[in-house]
Amino acid sequence: MTEPGGPPDVRVFSDLAALSEATAAWVADELRGSAAARGRASFVLSGGSTPKRLYELLATRFKDRIPWRQVHAFWSDERYVPHDDRLSNYRMARDSLLDQVPIPHGQVHPMPTHLPAPGDAARQYEDVVTEFFSGGPPTFDVMLLGLGADGHTASVFAGSLALTSGRVAMAVTAPADPPERLTLTMPVLARGRRVGVLVSGASKAAALAASLSGRDPHLPGAVLGRTASALVWWIDREASSSADLNVRTTSQRP
Ligand code: 6PG
């Protein structure tokens, strides 16, 4: 686990399957630990395609290791499309995980995407999160994030106001399809008790190396790496292939 200002905690696996299995075991342990310590576990789900296998493992091999009735599911970000749209992060998590486990319906908190104005939806989600944390600073117990080939994470892209905003969630226009998105802001992402960033594939190698090296301090992945105090980079060998990934990594057997 990263210590503030310490070397990054980078764990390398042979491929996405091994990476997913190791991360699933970590998620299960951390959710169980949070529920035991605080009576509940807030779990932030990432979007994108990388976590799909991990979600499937949480719904099968690791299902019985997780106290689902004490888990609350949130999202790091969402594309502003209907929840049954193939691009919806909610739909991917629902189909690969949430419909397969006994998490109470009232404990699944998707980002709303049915309001005409995304800004209103962001404010509505802020209210949900703020109420969950009784008005205190949102400190999610377990947070999964991805990394884009351009170094974005969640839907916090380079130059975005969400990098430094004091808001909890924002509507943003992303340089990606679909452009309209909702996202938790970087300060909220960085405050997670346990944050895991999943990075798989050669297409992410440059963004990962840039995030870890701090060469571009404004890159969202670099900001997360610098400001999160409990962060693990879960990567596969292809993502670690950049020549200048000059950090100590812990190669793990699958
Ligand atoms: C999204 C995600 C985004 C994602 C990265 C990586 O809504 O797209 O939240 O931050 O995690 O873009 O995406 P892949 O896992 O598909 O490579």
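Enter the accessible area per residue of the chain (Å², integer; probe 1.4 Å; all protein chains in place).
Details: 10510 Å² over 254 residues.
Per residue, the chain has 41 Å² of solvent-accessible surface.
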* Along each of its three principal axes, how wide is the spread of alpha-carbon positions in the chain, in whole angstrom units, largest first? -> 45, 41, 34
* **Accessible surface of the stretch 144-185, 1.4 Å probe, proportion on carbon and sulfur as whole %** => 60
* Distance in nm between label sites at residue 149 and residue 114, each 7 Å beyond Cα in the beta-carbon direction? -> 3.6
* Would you pull out the residues with amide H under 5 Å of residue 41's amide H, same chain only if 5 or more places away, H placed 1.01 Å from N? => 71, 72
* Asked: Among 138, 110, 149, whose Cα sits farthest toward the positive end of the charge dipole of the chain (+1 at Cβ of Lys/Arg, -1 at Cβ of Asp/Glu, about the Cα centre)?
  -> 138
* Order of exposure, largest accessible area first, which applies to 204, 63 with probe 1.4 Å -> 63, 204
* In order through the stretch 172-181: 3J(HN,Hα) via Karplus (6.51 cos²θ - 1.76 cosθ + 1.60), integer Hz, x for Gly, Pro -> 10, 10, 9, x, 8, 9, x, x, 6, 9
* Structure fact -> So for R0 = 41 Å, FRET eff. of residue 85-residue 37 from the Cβ-Cβ r, to 0.05, ends up at 0.65
* Förster radius 51 Å - calculated FRET efficiency between residue 100 and residue 215 (Cβ-Cβ, nearest 0.05) -> 0.80
* Asked: Where does the chain land at 222 nm, in deg cm²/dmol rounded to the nearest 500, when only DSSP H runs of n ≥ 4 count, each adding -39500 (n - 2.57), divided by all residues?
  -> -9000 deg cm²/dmol
* Give me the net charge of residue 158's neighbourhood, meaning all other residues with Cβ under 12 Å from the Cβ of residue 158; Lys, Arg count +1, Asp, Glu -1. => -2
* Normalised by the residues of the stretch 9-248, what does the relative contact order come to in percent, with Cα pairs under 8 Å and at least six apart? -> 22
* Kirkwood hydrodynamic radius of the stretch 7-49, Cα pairs, Å -> 12.1
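The values are calculated or read from the model by the stated rules, or taken from the named source; none is laboratory data. Predicted model only: the values in this text are computed from it and were never measured. Counting neighbours? That spans all protein chains shown, and the Cβs are built from the backbone with ideal geometry, glycine included. Note: areas computed on protein heavy atoms with side chains; ligands, DNA, RNA excluded. Shrake-Rupley method; radii C 1.70, N 1.55, O 1.52, S 1.80 Å.
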